[in-house]
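Here the structure is laid out as structure tokens; the discussion comes afterwards.
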Amino acid sequence: MDILIVSVILLVAIALLVSERLPMDITAIGIMVALMLTGLLTANQAIAGFANPAPITVGALFVVTKGLTRTGALSNLTRLVGKSTGGKPDRILMVTVFLVGLFSAFINNTPVVVLMLSVVLAVSGRFNLSPARFLMPISFASILAGTTTLIGTSTNIIVSDQATQLGLAPIGMFELTRVGLPIALVGGLLLILLSERLLPRPRTPMLHHDRGEKHRYIAELAIPHDSAHVGEDVAAALKKKHPDIEIFEVLQGTRICYPGTDQCTLGGGDVVLVGATASDLIEILSGKDATMPLVAGEAIAQPYDQDAQIVEAIIPPDSPLLGRRLAETFLAAADDITVIGAQRRRVHYSERKMNRLLLDVGDILLIQCSAYRLQRLRRESELIVVEDVVRSLENRRRAPIALAVFTAMVTVASLGLVNVLTAALAAAFLMLVTGCLRPREAYDAIEVPVLVLIIGTIALGTALTATGAADLYARGFLSVFQGAGPKTVLAAFIVLTSVLSHFLSNNATAVLLVPVGVATAAALGVDARPFVVGICFGASACFATPIGYQTNLLVYGPGGYRFTDFVRLGMVLNLVVWIGASLLIPLYWSF
């Protein structure tokens, strides 16, 4: 009866996860509740997943990854795509697949794909290419590369922890590399060779973000007399560290210098009119070589402090600021507010200063203010606060620290000096105390539904083992391959894992099948290690549907793909993983 009950719970859980009638975290909570109410698990057993190392490790890695992206530690490398490819599709594909593969081996692949997604869309728009040619391959490359190390994907960590609980040794940091690297190399090569044939024909690019107009602001930079930029050409001074910045003109007293046609050498007191992103503006103004003109009375405060609120605000139609010059408003007079930049469509800002700007409906101002001032702005009608920009600003000065913390985490875990949980938690802690992340950003980075799903499926896996259901399933699975050797059973088990991962979360599939795999090995009288490793590769081999993996969903819409597009290219990679893992695993992990 217990096996029947847990089987019903399993089937209902699978149906809910596949149909998405309920959010996945609600389904996971329902699993725990059902197991407690039916008496299959005690309350302590059902919630034991909250103290399990696997979700804690995954959560810590979310924080570490956010620290890398928050500091812009990876953004400079992505500029190689535009500079090194020259807009040639084959080169773009090779560079993006390589970069994504390199990053995804050590970083959670979802933020890596998010990072490269914006780069691909920008490059596609700049060179009038279809992003469909590149987006699916970078998603697949991230999945392939994630199987090469223990921390490349959360699935590997979960499998390792589940195996440890069943009495097996944990998976080493690079234990999977022997099989994962050859598979990733072959898969990456096939992506480059077959993408043009199997993916949709080039379509009109969906997005043109070649200049990032939406998040670019007009701003003025004053050059102090003691600035290191004095005596330098304006383009060399500002574009060296900020290549995407646009320089419109330099105001040198009564003279206006145009960098496009004139030789503009900076002097003390010069004002440079630029167009730049919020991150570039904040980084420039945080140093000593450029300041804000005295529009607001003083330069901006340290933008990365807790009290610094940087927001976008729109001038609404009924605002009392309409028709007034910026210097004549409270925006210039108040001590706790600074206008960093402005954004207005169809207006040429040449030969005018920010403090003489006549405010109009729809103007977007980039503002720094105190927390108290922000509350007042939200209550009053002068401005409409539309975006908390500080959450997306890159704290680039902390990038070397973030890289050092990440490198140290990988090193100590690889050498076995500490376990992955300790290394990940320590790295997350260091990201916070060194200022790479704020506490609220760390909490925002943790994908709670994913962790709750892991916890719920851990409870279900415990119930499957405790009731004997896992043993029953293993015997049923073996009966299909009666008389077959362990290599054949392993190959079939990898296929089973891959099929389930296309419809369930790959994490949930891994948790559910680890006890089944161990029980299968025990019934065959062989070592369970090859089956555990096979689950790592099978659970990540979910290329043939857009719902099989989170990164596939990320590129589904922007790439303009159809469901069948994933089937054509994805089935090729599924075969590569299945054949490669089936042949290579027995070579390194004997039965």
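Please treat every number below as a calculation from the coordinates, not as lab data. From a predicted model like this one, the values you see are computed outputs, not experimental measurements. FYI the Cβ positions are ideal-geometry reconstructions off the backbone, even for glycines, and counts take in every protein chain you see.
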Item to check | In Hz, Karplus ³J(HN,Hα) per residue of the stretch 85-90 (6.51, -1.76, 1.60; θ = phi - 60°; x = Gly, Pro) | outcome: 9, x, x, 7, x, 5
Checklist entry - For the stretch 271-283, what does the Karplus curve 6.51 cos²θ - 1.76 cosθ + 1.60, with θ = phi - 60°, yield as ³J(HN,Hα) per residue in whole Hz, taken in order and with x for Gly and Pro? => result 10, 10, 8, 10, x, 7, 6, 4, 4, 5, 4, 5, 5
Item to check | Nitroxide proxy distance, nm - points 7 Å out along Cα→Cβ at V448 and A404 | outcome: 3.4
Checklist entry - Taking amide H positions as placed 1.01 Å from N in the peptide plane, with prolines and chain starts having none, which residues 5 or more places from G341, or on another chain, fall under 5 Å of its amide H? => result L366
Checklist entry - In sequence order, what are the phi-derived ³J(HN,Hα) couplings for the stretch 321-337 according to the Karplus relation 6.51 cos²θ - 1.76 cosθ + 1.60 with θ = phi - 60°, rounded to whole Hz, with x for glycine and proline? => result 7, 4, x, 9, 6, 4, 5, 9, 9, 5, 5, 9, 8, 6, 7, 10, 8
Checklist outcome for this item: Highest mean packing first, using Cβ neighbours within 10 angstrom, the peptides 217-228, 326-337 sort as 217-228, 326-337
Checklist entry - Efficiency by 1/(1 + (r/R0)^6): what FRET value for I579 and R475, r their Cβ-Cβ distance, R0 = 25 Å, to the nearest 0.05? => result 0.40
Checklist outcome for this item: Footprinting proxy, S286, S582: sorted fewest to most Cβ within 10 Å, the residues are S286, S582
Checklist entry - Between M1 and T564, what is the label-to-label distance in nm when each label sits 7 Å out along the Cα-to-Cβ direction? => result 5.2
Item to check | Ranked I26, I92, criterion: other C-beta atoms within 10 Å, fewest first | outcome: I26, I92
Checklist entry - Tell me, which cysteines of the chain are without a disulfide-compatible partner by the Cβ under 4.7 Å rule? => result C369, C436, C536, C542
Item to check | Value at 222 nm in deg cm²/dmol, rounded to 500, when DSSP H runs of n ≥ 4 in the chain each add -39,500 (n - 2.57) | outcome: -17500 deg cm²/dmol
Item to check | FRET efficiency, I192 to I384 (Cβ-Cβ, R0 45 Å, nearest 0.05) | outcome: 0.45
Next on the checklist: So for each of 399-407, 143-151, 173-181 I average, over its residues, the number of other beta carbons within 10 Å; can you give me the resulting order with the highest mean first?
Outcome noted: 143-151, 173-181, 399-407
Checklist outcome for this item: For 41-48, 254-261, ranked highest to lowest by mean beta-carbon neighbours within 10 Å, the order is 41-48, 254-261
Checklist entry - Where nothing but the Cβ of Lys and Arg (+1) and of Asp and Glu (-1) is charged, how large is the charge dipole of the chain around its Cα centre, in debye to the nearest 20? => result 1240
Checklist entry - What's the extension gain from S370 to V499 if we count 0.36 nm per residue and subtract their Cα-Cα distance? => result 41.1 nm
Next on the checklist: Starting from 0.36 nm per residue, how many nanometres of slack lie between L432 and L22 once their C-alpha separation is accounted for?
Outcome noted: 144.2 nm
Next on the checklist: How would M1, M571 line up from fewest to most surrounding beta-carbon atoms within 10 angstrom?
Outcome noted: M1, M571
Item to check | Nitroxide proxy distance, nm - points 7 Å out along Cα→Cβ at L11 and K487 | outcome: 3.7
Checklist entry - Using the Cα gyration tensor of the stretch 1-62, with a ≥ b ≥ c the square roots of its eigenvalues, what is the shape: rounded (a/c below 1.5), prolate (a/b larger than b/c) or oblate (neither)? => result oblate
